[in-house]
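Okay, so here's the structure we're looking at.
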Amino acid sequence: MRLVRYQFGEYELDPASRELSRRGERIALPPKSFECLAYLVAHRDRAVGRDELISAVWGRVEVSDTVVAQTLLRARKAFGDAGDRQEIVRTVPRFGYRWVAPVQEVDPSLPATAPEVEAPASIPTPDVPATPVPARRSLGPWVVALSLLVVAGVVAGWLWWKHEPVAPPTTSQAPVGDAVLVLPVVVTPSENENAWVRLGAMDYVASRLRRSGLKVVPSEQTLHLGAQLGNPATLDAAAWRKLQVDGDARWVIAPEARRDANGWRVRFNLREDGQPRVVEARGATPLSAAAAATDAWLQRVGRRSADSEKTPSPLTERVQRIDAELFVGQLAAARRLIDATPRAQRDDPRVRLREGQLEFRAGRVEQAARLFDTLLARRPPVEASLRAEALMGQGAVEIRRRNWAIAQDHYTQALALLEHTDAGADNPALLGNAYNGRGVSQVLQRKMEGAVRDMGLARIAMQRSGDFVEAAMVASNLGRIETLRLHHAQALQEFDRAIAVFERFDVRDYLAATWMSKAETQLSLVQPAEAAASIEHAHALSKSLEDAYLVASIRIIRSRVLLANGRLREAGESIGAFQAKAEARDAQVVQELQLRLWLARGDRARAAALAQRMPAADAAVDGSLALAAVEAALRNGNVAAARAWVARAPATVPDASRTSWDVARALLAQAEGDRDGALRIARAATARTEHAGAPEERVEAGLLQARLLLAQGQRDAAAALLGDLDAFAATDYRVAWTTLSLYRALGDAGMTATALQRVQALRGERDANVEPAL
């Protein structure tokens, strides 16, 4: 039998190994999502009806259209084909689906033909030692990264659709906790108008149980655990036990909801002492029936309902419908529900809060701010939990605005409300998010001690709530803090732990932000190749993200990574994509990236012209930009322009940009003929970074000093410095190049040949005739 693989674009689908990969890297997919893709690509010559697809993949007929649509959505998101793109799988209205991407079949039984590779050109001897484009350790990128994992509030709708299956961490003999796990509702009939009940009623039951004093497994984790279950009513005892163990739950509730001529009937399928049990109730609406069933079950386990609504109101039902749409990332559908809310309900604080959270999530920060402000100005004040969430929303807005002290004050006010009312005790996740937000705002003000304390409290609160995803969000922020504290190994551990959770639950915005932050930490560690692998994960995810702020942030870091690896063509494209949508506040970032690109390409005229464009007189200038501009100006002999840039250094230089300013000052001193002064600055910078600098700063300061020493003929002194940096010569182009220059100056043919090989391997598209920038 001929087993073919299917290639389309950057992807390959292998039915034999049941793997989907992108550029050779495996992409995890739930089994049903993979099977749907495999069936559609195998029958790509025609449209496939829903009934045919259900029969082929599920083998039964009672699977709803909603389940099929969600299964395909998970598959589409794997290659950014969701929403209006549909460039790979297209929905055929009122019929089914069709594979539309061009496909090439590959027969693995045939031998592969190795492509011809052009031998690399030899590298001419540089006249002077120099270094290429570095990555910068400054506060700016961390502002971008940290603010990405601050949310405006906590409702079910803030969470992305999470579905990735993972193996259970424990055996069926493991102890079971005291939580309740509420599975998604099986809805009959499953028309589109009832689709919201699956998640909306699930979350309503979970919230009602939580308000009655029970610990409930977070809904997003429940979706993961129940993704591959099929019909919960048919599960055997072993499957139920596995759910209990995986969810650390004492009770598992599998709800069913059925509409008939008399209204709605909700049934809870449970197991007690290994035996199946059923709790059933009726109601005029799905939520009223769910409320009655919940209260009946609470009585059976010796609890009383603490919900203020015996029967949910139409407004409560609408709020749950909004949350259900937000839960699966359907922002447009959630907005339609909010816009269609009857006038009498439109101004309800619960609706207004969700509208503000929706606007923030969609990137419309100013609209969100107005909604949160209106809520907080109400008299009499809204209830404590809603007021706390509105304050947290304001805090998130102010972080986006870079008003960090104001953001800290908002989070402090939210914490005061939560810590002195039942709101925080009833919802530890809400308390955790408030601590997380305040911790982030303190990091951005360099208040590290307070930030670490708040992050620790946030992590504990998230763990108490059983919310692994939010706990991972805190871990990701702690990784950023550890990078700023120069605890790089611990930072990478935090990132990897967070990435594992985000990948498991397919939390794409958090996952992309964490991959981006890991890439920047790897640049700080002088690991450009590793940073390239990390940032490509973030870049691939960015194609399916809605948040323009996050997408722009990924483009910034990716541009830096590409420059550091000498991938100049891709860097130019990335910088151009960022510039096309950049805001006025991004002007300095754009200017620096362009300067470094022109310097790397050897375009001295463009670089020098750009270096003459000074920021506004009242604007604070980043040291990384100043250094790039000074080098560009000096390449054309424009000492006056370089002097003007150095004059913009702040009176008190932040630690994060001190090395860049020191290097700029030393280069200017050398250009003005003060060689001794330049060397004094370089030696001081080297000594400081040895004791309190990231590896990237150590390399930058050390190479500056070595370059100055070589220019003065002090080869032995330069050799001592480069020997200290030799550990980076196999990964960093700058160290490899400068070491090559040293061996050539020393006339050591053997070591020159070895150093030349390293330069060949690391240079990328950089021209060896062009002196790289520091």
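Going Cα to Cα from Lys543, which lysines come in below 23 Å? Please leave out same-chain ones fewer than 8 positions away.
Straight-line reach from Lys543, under 23 Å: Lys77, Lys162, Lys518, Lys581.
How much length, in nm to one decimal, is gained on full extension between Glu105 and Gln712, taken as 0.36 nm per residue of separation minus their Cα-Cα distance?
Between Glu105 and Gln712, full extension yields an extra 212.4 nm.
Provide the FRET efficiency to the nearest 0.05 for the Ile27-Asp236 pair, computing r from the beta carbons and using R0 = 25 Å.
After rounding to 0.05, the efficiency reads 0.20.
So which lysines pass the test for Lys310, namely a Cα distance under 21 Å, with those fewer than 8 places away in the same chain ruled out?
Lys215
Rounded to two decimals, what ratio of Rg to Rh does the stretch 644-774 give with C-alpha atoms and a Kirkwood Rh?
Result: Rg/Rh = 0.98.
Mind giving me the FRET efficiency for Arg604 and Arg446? R0 is 35 Å, r the Cβ-Cβ distance, nearest 0.05 is fine.
E between Arg604 and Arg446, to the nearest 0.05, is 0.40.
Could you grab the Rg to Rh ratio for the stretch 475-609? Cα atoms only, Kirkwood for Rh.
Result: Rg/Rh = 0.99.
What percentages make up the Cα-Cα pair-distance distribution of the stretch 234-362 when the bins are 10 Å wide from 0?
Going out from 0 Å in 10 Å bins, the stretch 234-362 shows 11, 31, 32, 21, 5, 0 percent.
Can you tell me how much longer the chain between Ala647 and Arg680 gets when fully stretched, taken as 0.36 nm per residue apart minus their C-alpha distance, in nm with one decimal?
10.0 nm
What ratio of Cα Rg to 2.2 N^0.38 Å holds for the stretch 361-427?
1.09
Just need the Rg to Rh number for the stretch 287-371, please, alpha carbons only, Kirkwood Rh.
1.08
Suppose each label sits 7 Å from its Cα in the direction of the beta carbon; what would the His487-Asp260 distance come out to in nanometres?
6.1
Might you tell me the accessible area per residue for the stretch 553-605, computed with a 1.4 Å probe and given in Å²?
About 39 Å² of surface per residue is accessible.
Does the stretch 696-764 classify as rounded, prolate or oblate by the C-alpha gyration tensor (a ≥ b ≥ c root eigenvalues; a/c under 1.5 gives rounded; else a/b over b/c gives prolate, otherwise oblate)?
oblate
The values are calculated or read from the model by the stated rules, or taken from the named source; none is laboratory data. The model shown is predicted, which means the values in this text are computed figures rather than measured ones. Cβ atoms come from the backbone with ideal geometry, glycine included; neighbour counts cover every protein chain shown. Heavy atoms of the whole protein, side chains included, go into the accessibility calculation; ligands, DNA and RNA do not. Shrake-Rupley method; radii C 1.70, N 1.55, O 1.52, S 1.80 Å.
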